[in-house]
Amino acid sequence: MSESPDSPPVFRTEAVTRVYRTGAVDVWALRGVDLTLAEGELVVLLGASGSGKSTLVNILGGLDLATSGRVFFRGQDLSRASDRELTAYRRDHVGFVFQFYNLVPSLTARENVALVTEIARRPMPAEEALARVGLAHRMDHFPAELSGGEQQRVAIARAIAKQPDVLLCDEPTGALDSATGVQVLEALYEVNRDLGTATVLITHNAAIQRIAHRVIVLADGKVVRDERNAARVLPAEVSW
């Protein structure tokens, strides 16, 4: 499944700012961000450290709140949601993948994924989720028995097992070498293509932007470029 330019937006933000107070100093992480994310779209967020990428994704995911402006998820105004509503939103609609895998060492890959399926509204079986990321043969291995790339793919399986509407990925290949990173990108690419999960992928690696439907570049808390790729490439074709 792929997005259409006419698809209704999953996310829409209006003039979003985020200001952190450090002592007597205001630090502006975001400065009036307007954007949309369509159904089934894979968007790459690029920008230097401190440009606001992670802050924006945390706000989209309901992990942080905007200082001003509004954030809509399918018409729901997240900027006015209660803590309880945000908890339900994260649980029911959002899958997170971070740079570090955050797996439980004493649980197998299957058991790590099953932690999410126990609380999801419409879970995918852990076995199916692991098979989708190419780990059907490693389900009963513990994290210490898996490579870094395999552990990250378990984390992706855990995120998709609750069949989220949105997958938010913060530097998912940042701790991996290029060959392993490609395997992780392939898993994300295929989840987006096959399940139609709207996906936002933060990266410092500009080459990765070629796999996206759309590329958004942030600098100093502002969107400085937002453009659609005329042609996409497969993750295996990315030059690292």
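Tallying residues that are of a type in the set (A, V, I, L, M) and outside any strand (DSSP E or B) within region 10-31 yields 1.
So that you can scan it fast, the table gives a plain yes or no per residue for (1) out of contact with any Lys or Arg (no Cβ under 8 Å at 6 or more places or on another chain); (2) crowded, with 20+ Cβ neighbours inside 10 Å; (3) in a helix (DSSP H, G or I):
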| site | (1), (2), (3) |
| --- | --- |
| Glu111 | yes, no, yes |
| Glu127 | no, no, yes |
| Gln151 | yes, yes, yes |
| Arg158 | yes, yes, yes |
| Leu167 | yes, yes, no |
| Leu188 | yes, yes, yes |
| Ile208 | yes, yes, yes |
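For region 173-185, the count of residues that are buried (at least 21 other Cβ atoms within 10 Å of the Cβ), among the β-branched types (Val, Ile, Thr) and at pLDDT below 90 is at least one. Candidates Ser68, Ser106, Ser79: the one that is closer than 27 Å to Gly174 by Cβ and surrounded by fewer than 18 Cβ atoms within 10 Å (Cβ to Cβ) is Ser106. For region 77-103, the set of residues classified as of a type in the set (A, V, I, L, M, F, W, C) and under 18 Å from Lys162 (Cα atoms) consists of Leu86, Ala88, Val94, Phe96, Val97, Phe98, Leu103, listed by residue number.
For region 72-84, which residues satisfy the criterion of being in contact with a helix residue (DSSP H, G or I) (Cβ under 8 Å, 6 or more places away or on another chain) and either closer than 18 Å to Val33 by Cβ or free of Cβ contacts under 8 Å to residues at least 12 places away in the same chain (or both)? Result: Phe72, Phe73, Leu78.
I'd like to check something: does region 10-22 contain any residue that is modelled with pLDDT under 90 and either over 17 Å from the mean Cα position of the chain (by Cα) or under 23 Å from Tyr189 (Cα atoms) (or both)? There is at least one residue in region 10-22 that is modelled with pLDDT under 90 and either over 17 Å from the mean Cα position of the chain (by Cα) or under 23 Å from Tyr189 (Cα atoms) (or both). In this structure, Gly134 qualifies as surrounded by fewer than 19 Cβ atoms within 10 Å (Cβ to Cβ) and on the phi > 0 side of the Ramachandran plot. State yes or no: is Leu86 within 30 Å of Thr13 (Cα to Cα) and either surrounded by 15 or more Cβ atoms within 10 Å (Cβ to Cβ) or in contact with a strand residue (DSSP E or B) (Cβ under 9 Å, 6 or more places away or on another chain) (or both)? Against the criterion (within 30 Å of Thr13 (Cα to Cα) and either surrounded by 15 or more Cβ atoms within 10 Å (Cβ to Cβ) or in contact with a strand residue (DSSP E or B) (Cβ under 9 Å, 6 or more places away or on another chain) (or both)), Leu86 qualifies.
Is it the case, given these coordinates, that Arg70 is over 24 Å from Arg228 (Cβ atoms) and at pLDDT 95 or above? Yes: the conditions hold for Arg70.
The values are calculated or read from the model by the stated rules, or taken from the named source; none is laboratory data. Small disclaimer: the values here were computed from a predicted structure and weren't measured. We place every Cβ from the backbone using ideal geometry, glycine too, and count neighbours over all the protein chains shown.
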